[in-house]
1. Can you tell me how many residues within the stretch 277-289 are touching a strand residue (DSSP E or B) at 6+ places or on another chain (Cβ under 9 Å) and either surrounded by 21 or more Cβ atoms within 10 Å (Cβ to Cβ) or without any contact (Cβ under 8 Å) to a residue 24 or more places away in the chain (or both)?
2. Considering only residues of the stretch 215-228 that are in a strand (DSSP E or B) and touching a helix residue (DSSP H, G or I) at 6+ places or on another chain (Cβ under 9 Å), which is nearest to the ligand (Cβ to nearest atom)?
3. Within the stretch 361-379, does at least one residue satisfy the condition of being part of a helix (DSSP H, G or I) and away from the ligand (no atom under 16 Å from the Cβ)?
4. Does any residue of the stretch 283-301 turn out to be within 25 Å of residue 10 (Cβ to Cβ), at pLDDT 95 or above and away from the ligand (no atom under 16 Å from the Cβ)?
5. Would you mind stating whether residue 4 is surrounded by fewer than 18 Cβ atoms within 10 Å (Cβ to Cβ), free of Cβ contacts under 8 Å to residues at least 24 places away in the same chain and out of contact with any strand residue (DSSP E or B) (no Cβ under 9 Å at 6 or more places or on another chain)?
6. Looking at (1) modelled with pLDDT under 95; (2) touching a helix residue (DSSP H, G or I) at 6+ places or on another chain (Cβ under 9 Å); (3) within 16 Å of the ligand (Cβ to nearest atom), which is the one condition that is false for residue 150?
7. Run residue 122 past the list (1) assigned to a helix (DSSP H, G or I); (2) over 21 Å from the mean Cα position of the chain (by Cα); (3) touching a residue at least 24 places away in the same chain (Cβ under 8 Å) and report the number of the one that doesn't hold.
8. Inspect the stretch 261-269 for any residue being within 16 Å of the ligand (Cβ to nearest atom), buried (at least 24 other Cβ atoms within 10 Å of the Cβ) and in contact (Cβ under 8 Å) with a residue 24 or more places away in the chain and give the result as yes or no.
Ligand code: GLY
């Protein structure tokens, strides 16, 4: 017989977590201000402690957290810190050749969030500048946005030439293009986003809702070449963060285009994630198709999946949405119980983030990662009806 669930209701858990979030984020904002953090050492964040310095793909998540907290509380300290971090990030637009497809993560959560909240026209210009850089990476023959620059691409795709490479992650960058079209009235940005999402549907998502991480095309002719392995266990496996980018990314493409095929692809990927997480106590493994041992988790995949499920819930009927909301609660609660650190004197909330499956020294396995915190906060605020729509 199954043991009775003695835990508090989802509503009570949500309220308790929200109250803890208010306390912890207030303290973090005082300590971190306009620094741009990634992970912690000895419970403390450090400024730009990342390989690419100011250009690293995760640098928008801290300002994103601050804008979310500003939306929820109206506390001016969050706005001031977010504006300072954005000012620093905007330097990257001058050294744009070091930026890549991840300008969406960098600028949607900083400049575009700022513009959405304050109507700051300098922030709007930054967002549109970044959208133009992203559009400039479009490959006309293959109808996709090129991933990474040579060095990083070759490192993750194990020496492959990535000039013809696209990755599932980029679905979360293309909302910058949808925004640019909505903002300017020029359809070219959205046309690129739609073509990229259609190519991802065809070459990245498998029939069962699992995903490849990478696809390589011939960059001259656009012909399909291969789906090599990437940050997951192996070629043909199912990297959980990639799966989560698919759920949220296709749901967002549906929001922006109303193309039903994107909604159905998002659902297919969501059902695949839900069934896999249901058999691991709602804790996301790094790869859903890896050996049972060693057990390796990636809490960030859980947080992103939860946000994607909550996005999906907004686009389906009343009797369908409970599946997605209930699954999102299950994931958030399981990860909170196993990975959260609510000590207000220590930085970062969600431990247990893993950058990639094959991590030679373990330094990037089950550690706090800033985007785990960003998506956790977004999910909690979505459930409280207090989130800023950032995508
Ligand atoms: N977008 C890079 C990653 O998910 O690791």
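The values are calculated or read from the model by the stated rules, or taken from the named source; none is laboratory data. Since we're looking at a predicted model, the values are computed, not measured. When we count neighbours, we look across all protein chains shown, and the Cβ atoms used for this are built from the backbone with ideal geometry, even at glycine.
1. 7
2. So in the stretch 215-228, the residues in a strand (DSSP E or B) come out as 215-217, 224-226.
Filter again for touching a helix residue (DSSP H, G or I) at 6+ places or on another chain (Cβ under 9 Å), leaving 215-217, 224-225.
Numbers: 215: 15, 216: 17, 217: 19, 224: 22, 225: 21 Å.
Here the residue is 215.
3. Of all residues in the stretch 361-379, those part of a helix (DSSP H, G or I) come to 370-379.
From what's left, away from the ligand (no atom under 16 Å from the Cβ): 377, 379.
Yes, the stretch 361-379 has at least one match.
4. Checking the stretch 283-301: at least one residue is within 25 Å of residue 10 (Cβ to Cβ), at pLDDT 95 or above and away from the ligand (no atom under 16 Å from the Cβ).
5. Details: surrounded by fewer than 18 Cβ atoms within 10 Å (Cβ to Cβ): yes; free of Cβ contacts under 8 Å to residues at least 24 places away in the same chain: yes; out of contact with any strand residue (DSSP E or B) (no Cβ under 9 Å at 6 or more places or on another chain): yes.
So residue 4 fits the description; yes.
6. (3)
7. Every condition holds for residue 122 apart from (3).
8. Step one: of the stretch 261-269, the residues within 16 Å of the ligand (Cβ to nearest atom) are 269.
With buried (at least 24 other Cβ atoms within 10 Å of the Cβ) added as a condition, the list becomes 269.
Of the ones still in play, those that are also in contact (Cβ under 8 Å) with a residue 24 or more places away in the chain are 269.
The answer is yes; a qualifying residue exists.
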